[in-house]
1. From the set of residues in the stretch 94-106 that are open to solvent by less than 30 Å² (accessible area, probe 1.4 Å), more than 34 Å from the chain's Cα centre (by Cα) and away from the ligand (no atom under 16 Å from the Cβ), which is farthest from Gly287 (Cα to Cα)?
2. Of everything in the stretch 450-464 that's open to solvent by 30 Å² or more (accessible area, probe 1.4 Å) and part of a helix (DSSP H, G or I), which residue is nearest to Thr548 (Cα to Cα)?
3. Could you figure out which of (1) more than 21 Å from Phe588 (Cβ to Cβ); (2) part of a helix (DSSP H, G or I); (3) modelled with pLDDT of 95 or more isn't true of Phe537?
4. Among the residues of the stretch 362-387, which ones are in contact with an Asp or Glu (Cβ under 9 Å, 6 or more places away or on another chain) and part of a loop (DSSP other than H, G, I, E, B)?
5. I need a count of the residues in the stretch 539-576 that are in contact (Cβ under 8 Å) with a residue 60 or more places away in the chain and more than 17 Å from Arg614 (Cα to Cα).
6. Can you name the number of the only condition in (1) over 24 Å from Ala198 (Cβ atoms); (2) at pLDDT 90 or above; (3) surrounded by 15 or more Cβ atoms within 10 Å (Cβ to Cβ) that Arg334 fails?
7. Give the residues of the stretch 461-492 that are at pLDDT below 90 and either more than 26 Å from Val330 (Cα to Cα) or assigned by TED's automatic domain parsing to the domain that holds Cys415 (or both), sorted by residue number.
8. Would you check which residues across the stretch 622-631 are in a loop (DSSP other than H, G, I, E, B) and in contact with a strand residue (DSSP E or B) (Cβ under 7 Å, 6 or more places away or on another chain) and list them?
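The values are calculated or read from the model by the stated rules, or taken from the named source; none is laboratory data. Values in this document were obtained by computation on a predicted structure and should not be read as measured data. Neighbour counts run over all protein chains shown; Cβ positions are idealised from the backbone, glycine included. Ligands, DNA and RNA are excluded from the accessible area calculation, which covers all protein heavy atoms including side chains. Shrake-Rupley method; radii C 1.70, N 1.55, O 1.52, S 1.80 Å.
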Amino acid sequence: MSVPDRIAELRRRIADADRAYYLLDAPTVPDAEYDRWMRELQGLEAAHPALVTPESPTQRVSGRPSAAFAEVRHALPMLSLQNAFTEAEVADFVRRIVEATGEARPAFSVEPKIDGLAVSLRYEDGLLVQGATRGDGARGEDVTANLRTLRSIPLALRMPAGEPPPAVLEVRGEVFMPKAAFERFNAEVIAAGGKPLANPRNGAAGSLRQLDPGITAKRPLAFFAYGIGEVRGFALPATHSALLRALGALGLPLSPEIDVAQGLDGVLAYHGRIAALRDVLPYDIDGVVYKLDRLDLQEKLGFVARAPRWAIAHKFPAQEELTILEGIDVQVGRTGAITPVARLRPVRVGGVTVTNATLHNADQIARLDVRIGDTVVVRRAGDVIPEVARIVPERRPSGPDGQPLQPPFVLPSACPECGSAIERPEGEAVARCSGGLVCPAQRKQALLHFASRRAMDIEGLGERLIEDLVDFGPVRSVADLYTLTLDDLLAMKRRAEARDGVTPETVKQGKIATRWAENLLGGIDQSRNTTLERLLFALGIRDVGEATAKQLARWFGSLDALMAADVEALLAVPDVGPVVSARIAGFFAQPHHRALVERLRSHGVHWPEGPPQRTAEGPLAGRTVVLTGGLSAMGRDEAGAHLEALGAKVAGSVSKKTSLVVAGEAAGSKLAKARELGIEVWEEATLLDFLRRHGRLAGP
Ligand code: 9MJ
């Protein structure tokens, strides 16, 4: 392709993406891809200046006021930031600052770079009179009515008593949708059958550009200040960090992560610290910003184009990338859960190469309308499993008739591993293979979990061996591991090698390699000596993780006591709610699970047992509670179990030691005695509210 053609193509792509982003609030390509086009275009134009035209997207920063809102001319332009993607680029930036200022280790205001929408808030005589989007930096949109609905934006500056407000103070900052609010909002939209927001930033942008402020008011938006525009009648401090503190004192919200750092090592340390926090921060960030702290030195440095020389954004690796969906597999998990998995053309996202991404479930596939061959956006945030976030409909391959080449994907109706029916209970998102432990996939996963380091910790028993043990060996359940012999393992190996058509060197030489088998048997033998909590976790009871297993082991002290417990007794265990208690009771109610436990014991699996440890922790720890009268929502035993789970000791009669009485319908002498002794009394409604607030009961 010739350079002019390539330039034309890049301009067209960028214009299409801008239109989708700014006017339709429906992004098509990830930022990283957009940035690459922009950089390539900038590079080509720099090399061929004759080809630069005023219409090129490089000639404006971004954003365009839409006709729907009145135009606002910014009194001082809203700046953009230079970007740095590598430490070397940051080092260059710091070196330039050092050279220009003569400061050996300049101080920087260091700030998270909030991934939202930049706005300017204009306060006159202390009152919010105008709010505008950044637009192209010189002109934005008047979104005052919408910004006024954000509770974190003060409508009046908070002045110290007796101090007059500044005549003019323009505050610049970022409007964003906190992650949790975004998730909640999308869950509601999806439940109502609507189209979810692509990401929190689009949530913020789309919400701010609603024509009806009533809609904006319903969107959970927030604001952080990070700078100023025009000011009159306001004494500026000497540094940017002091300026931000002053804004905070006037009632403007600031990111709690804002700090001051010295020199290159200081800013890089900040970058590392915030990168590590990225996933747990309640809002999306796409990097950090370093701003030379001294305002007099900022002035000395000035601007290049529309970006200050004294600031730079040090970006994090992109969490979204484009690639091609090459296929969809379904995986069967330990509990039979069927997960559709996207097979992707390899792509680097967030610093690692991704080849698979989850598609979660059938509903998600339908929602995305994803088909093989599609160009998809893969998203990888921190430690979470990469997922397909959305598709790029414009790039769907189509035939000469314009119809898609591929039909919509449907989950198979039979398990790909065992052929059992795949079932999806009414109202549940997850489909499951109904084969149980007949299904080799579930059996393998159960074994893998059983052997894992935090469960029985069987050294040497990994995925490959488990495959062979199930496919070619005598292992049907986890208990079979403890009857394995050297001969079993060697026979298994021969069958596996026959399938693979290999003859190991050692066999050719007339020897048999047995070392691995001896090691495995040793590892299995060592795992016989375990703890109750490990065993409980290893059994793979649904929803019983390590923490719950530990609580159960402490609370009951012995496996027999646990197996004898009914749902009510289980509910008393801290952190065990109605669903988990039903799962545990249901698990041990099945004869084959009891038989499994007996087989493990008979093959020498053992663990120390002791008395129950019910030293309670929780909001009611140390409190003695008496229940009296009838409750309408639950029986007294169940209420007692909940209270115990929250740390209370439940007693039968009222005495001086009683700290709380729960009085139901027709409470009699115990209530009277409680009143006489001046003991706190709760009605049923108070109890239910308390249980709800402490997660013992579902919502109101
Ligand atoms: C964000 N997005 O958090 C700036 N920003 O400063 C911070 N953006 C900025 N500063 C000058 N913390 C222009 C933009």
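1. First, pick out the residues of the stretch 94-106 that are open to solvent by less than 30 Å² (accessible area, probe 1.4 Å): 94, 97, 101, 106.
Adding the requirement that they be more than 34 Å from the chain's Cα centre (by Cα) leaves 97, 101, 106.
Filter once more, so that each one left must be away from the ligand (no atom under 16 Å from the Cβ): 101, 106.
On the way: Thr101: 25, Pro106: 20 Å.
If we take residues in the stretch 94-106 being open to solvent by less than 30 Å² (accessible area, probe 1.4 Å), more than 34 Å from the chain's Cα centre (by Cα) and away from the ligand (no atom under 16 Å from the Cβ), then Thr101 is farthest from Gly287 (Cα to Cα).
2. Restricting to residues being open to solvent by 30 Å² or more (accessible area, probe 1.4 Å) and part of a helix (DSSP H, G or I), the top hit is Glu463.
3. Failed condition: (1).
4. Those that are in contact with an Asp or Glu (Cβ under 9 Å, 6 or more places away or on another chain) and part of a loop (DSSP other than H, G, I, E, B): Ile372, Gly373, Arg380, Ala381, Gly382, Asp383, Val384.
5. The number of residues fulfilling the criteria is 4.
6. If we test Arg334 against (1) over 24 Å from Ala198 (Cβ atoms); (2) at pLDDT 90 or above; (3) surrounded by 15 or more Cβ atoms within 10 Å (Cβ to Cβ), just (2) comes out false.
7. Scanning the stretch 461-492 gives a single hit, Pro474.
8. Filtering the stretch 622-631 down to residues in a loop (DSSP other than H, G, I, E, B) leaves 622-623, 629, 631.
Once the filter is applied, which keeps residues that are in a loop (DSSP other than H, G, I, E, B) and in contact with a strand residue (DSSP E or B) (Cβ under 7 Å, 6 or more places away or on another chain), the stretch 622-631 yields Arg623, Gly629.
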